[in-house]
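These notes concern the structure reproduced below.
The values are calculated or read from the model by the stated rules, or taken from the named source; none is laboratory data. What you see is a predicted model, and the numbers here were worked out from it, not measured in a lab. With ideal geometry, Cβ positions are generated from the backbone for all residues, glycine too; neighbour counts draw on all protein chains shown. Surface areas here come from the heavy atoms of the whole protein model, side chains and all, with no ligands, DNA or RNA. Shrake-Rupley method; radii C 1.70, N 1.55, O 1.52, S 1.80 Å.
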Amino acid sequence: MAAFNKFNPFIEAVFEGTHNFQTNTFKVMLTNTAPTAANAVKADITEIAAGNGYTAGGQAVTILTSSQTGGTYTATVNQTVTWTATGGSIATLRYAVMYNDTAASKNLVGWWDYGSSVTPATGETFQWVMNANLISAS
């Protein structure tokens, strides 16, 4: 599994009250354009085209736990997000990007790099497995 990369503006958004990991809805969307740490909102990301099994905006993920211990806050997700190509290939992708769908500006959280671009053909699935501490900040 690829390592989590946080967007730098995410930390500011946390301290300014934009993100609430207990109540907000978070989504993972796909892109084939490399994110940069300076990206702040969903509009900064070039999402792959919707269609053939991929819905614009991506899929919701569930935050299982969020807690603070010894001054370190950790949010954990244990989920597999699956897209299945139907009626044609899903657009070429390489990165999964998490954002806060509840926030008015759709503020970004972080991204994962699959390592190489893939184009799921009809009948194939693309899975992004998130099984760890998603965010740990102190």
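Quick notes
- Couplings 3J(HN,Hα) for segment 63-71, derived from phi with the Karplus relation 6.51 cos²θ - 1.76 cosθ + 1.60 (θ = phi - 60°), are 7, 6, 9, 8, 7, 10, 9, x, x Hz, where x marks Gly and Pro.
- Structure-derived mean projected area of the Cα convex hull in nm² - corresponding label in (i) 8.3; (ii) 9.5; (iii) 7.7: (iii)
- Helical runs assigned H by DSSP (4 residues or longer) give the chain a calculated mean residue ellipticity at 222 nm of -1500 deg cm²/dmol, each run adding -39500 (n - 2.57) before division by the residue total.
- Relative contact order for the chain, counting Cα pairs under 8 Å that sit 6 or more residues apart, in percent: 33 percent
- Under 5 Å between amide hydrogens, built in the peptide plane, is the criterion, and for residue 54 it picks out nothing among residues at least 5 positions away or on other chains.
- Surface composition of segment 34-138: carbon and sulfur atoms hold 47% of the protein heavy-atom accessible area at a 1.4 Å probe.
- Charge dipole of the chain (Cα centre as origin; +1 on each Lys and Arg Cβ, -1 on each Asp and Glu Cβ, all else neutral): 80 debye, rounded to the nearest 20.
- Note on the chain: GNM, Cα springs under 10 Å; of 33, 23, 46, the largest mean-square fluctuation is that of 23.
- Spin-label proximity, residue 49 to segment 108-129 - amide N less than 19 Å from point 7 Å beyond Cα toward beta carbon: 117-124, 126
- Eligible aspartates and glutamates near residue 6 by straight Cα distance, threshold 15 Å, same-chain separation 8 or greater: 44, 113
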